[in-house]
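Every number here is computed from the coordinates shown, using simple stated rules; none is lab data. Note that this is a predicted model, so its numbers are computed, not measured. All Cβ positions, even for glycine, are placed from backbone atoms using ideal geometry, and neighbour counts span all protein chains on display.
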Amino acid sequence: MALEEFRADAMRCTRCTYCRWIPFDLIKSDRFAKGCPSMEAGKFHAYSAGGRLVTALSLMDGRSTVTEKTKDSVFKCTLCGQCDVSCKMCRYDMEPLAAMRELRFDLVENGHTLPQLEPVLESLRTEFNMLGKPADERGDWAKTLKVKDLTKEKAEVVFHAGCRYSFDGDLGPVARLSVKILQEAGVDVGIFGEAEHCCGGRAYGMGYRGDLDNSARHNLRAWKAAGVKTVVTPCSDCFHTFKRLYTAEAGSDIEVIHMVQFVDRLVKEGKLKFTKEVPMTVTYHDPCHLGRQGEDYVPWSGTEKKIFGQAVAYDPPKPRYTGAFGVYEPPRDVLKAIPGLKLVEMERNREAAWCCGAGGGAREAYPEFSAATANERIEEAATTGADAIVSACPWCEQNFGDAVEAGAGALKVFDVMALVGMALGIEEEA
Ligand code: SF4
Ligand code: SF4
């Protein structure tokens, strides 16, 4: 794709600003009506999806050039996709999220990069992870586990831990618990350990699409060599990358499933039985890449048609990702099946969830913006009266954990798998 392919959307954007808010019929209060973290930080229209379409048009037409301010407005965005959901409520056939990604690619490919992201990309290219850690430490999280090594053995299912669960000592127990939960249900599972590479999705979000291709080539080749039929991951970023981006960019027919979906399936099939009470009230945070961006990839090929020489239509009509078919119920069903646990909802949930602030390179490039976005979510979670905020993504958990530690609230932060482990009586030390 090229930025020019989004010209029609840039022209058709009515500057209505609907993309700054959650869909109007889902608004429950003035306090939690906003949907766009970027607008909260930037305060000007340039920091909204509509504003970036104006920027794209202006750059395409040569009416402006890229300045430091342009870069700030393009990159200070978590690519959470809330704007995309809201825009499609009123302008069904526009793709603001895809256009904003393309605008980043365009800037990066023309040398307009952010110096803050360079160490992260360097780490990906030399150590195959986004955290600046040595590649040969990637499998350390699993040293105490008895699990198949897929560099030597074969298994139906590969467990892909992802960078954060592999290297973050505080979060490592979630990865080990996840493997033990799968083994408890009799799943034929293995890991690649230090031979696992970053999915590449976060680099793609930062504007580096070539790095996604490198990661996809390595991981797909490894999965095929090990005879893997299903890849399961507890990381929502990896899930989105494998399910949507690998299929779209690299072509893949391997089943991709998130841990919460797998556990939901195993519970409903009677292969996992919760035996312990978990007396806790929790609220669930929908990770952007599992929720509204967790829809299946739908291939499309066709032609663009001009109507009256101006408006654009596609023949056949293009598939639209509205967020309506994301992964919302499996994590909730798992939580509701845990004895003693009560689930309460935040005002902004499912397609309308407020972002954790960690996506799109925001955590790495703009830590204050990222932290403020997480604080906002912790404040919202606290209004539910819950004891804990629960999610299904290590990046959300880390951002929320940091926010709580910095004083945003007194909530505990859990991954769904931590609570599943408690309900099964499976323990894992940090
Ligand atoms: S991107 Fe969509 S919602 Fe936002 S201003 Fe343009 S038309 Fe309106
Ligand atoms: S992706 Fe999220 S942060 Fe970026 S413009 Fe859209 S709603 Fe705002």
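Key figures for this structure:
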read-out: Cα shape, segment 1-102, gyration tensor, a/c 1.5 rule; value: oblate
read-out: Gain on full stretching of the segment that runs from Ala2 to Val66 - 0.36 nm per residue minus C-alpha separation; value: 21.3 nm
read-out: Cα-centre dipole for segment 1-113 with unit charges at Cβ (Lys and Arg positive, Asp and Glu negative), debye to 20; value: 460
read-out: Global geometry of segment 46-138, whether rounded, prolate or oblate, following the gyration tensor of its Cα atoms and the 1.5 cut on a/c; value: oblate
read-out: By average C-beta atoms within 10 angstrom, highest first, the peptides 95-108, 50-63, 114-127; value: 95-108, 50-63, 114-127
read-out: Separation between Cα centres of segment 183-214 and segment 231-296, rounded to whole Å; value: 14
read-out: Among Pro287, Ala313, Leu171 the positive-end extreme of the charge dipole of the chain (Cβ point charges); value: Ala313
read-out: Residues Arg221 and Glu137, FRET efficiency given R0 of 22 Å [Cβ-Cβ distance, rounded to 0.05]; value: 0.50
read-out: Helical contribution to [θ] at 222 nm, DSSP H n ≥ 4, -39,500 (n - 2.57), averaged over the chain, rounded to 500; value: -11500 deg cm²/dmol
read-out: Leading residue at positive end of dipole, segment 1-159 (Cβ point charges), from Cys16, Gly132, Cys80; value: Cys16
read-out: Simple Cβ-charge dipole of segment 213-256, Lys/Arg +1 and Asp/Glu -1, about Cα centre, in debye nearest 20; value: 120
read-out: Cβ-Cβ FRET estimate between Phe308 and Asp333, R0 fixed at 60 Å, reported to 0.05; value: 0.80
read-out: Dipole-positive endmost among Val231, Ala161, Tyr208 within segment 116-271 (Cβ charges, Cα centre); value: Val231
read-out: When each of Lys229/Lys276; Lys146/Lys276; Lys273/Lys412; Lys71/Lys305; Lys88/Lys306 is checked by Cα-Cα distance, pairs over 28 Å; value: Lys229/Lys276; Lys71/Lys305
read-out: Estimated dipole of the chain in Debye, rounded to 20 [Cβ of Lys and Arg +1, of Asp and Glu -1, Cα centre]; value: 860
read-out: Cα-based helix-to-principal-axis angle, 96-109 vs the chain, degrees rounded to 10; value: 80
read-out: At R0 = 41 Å, FRET efficiency that the Cβ-Cβ distance of Asp30 and Ala248 yields, to 0.05; value: 0.60
read-out: Cα shape, the chain, gyration tensor, a/c 1.5 rule; value: prolate
read-out: Between segment 43-114 and segment 117-175, the alpha-carbon center distance in angstrom; value: 32
read-out: Mean Cα-pair separation over length for the chain, i.e. relative contact order, pairs under 8 Å, 6 or more apart, %; value: 17
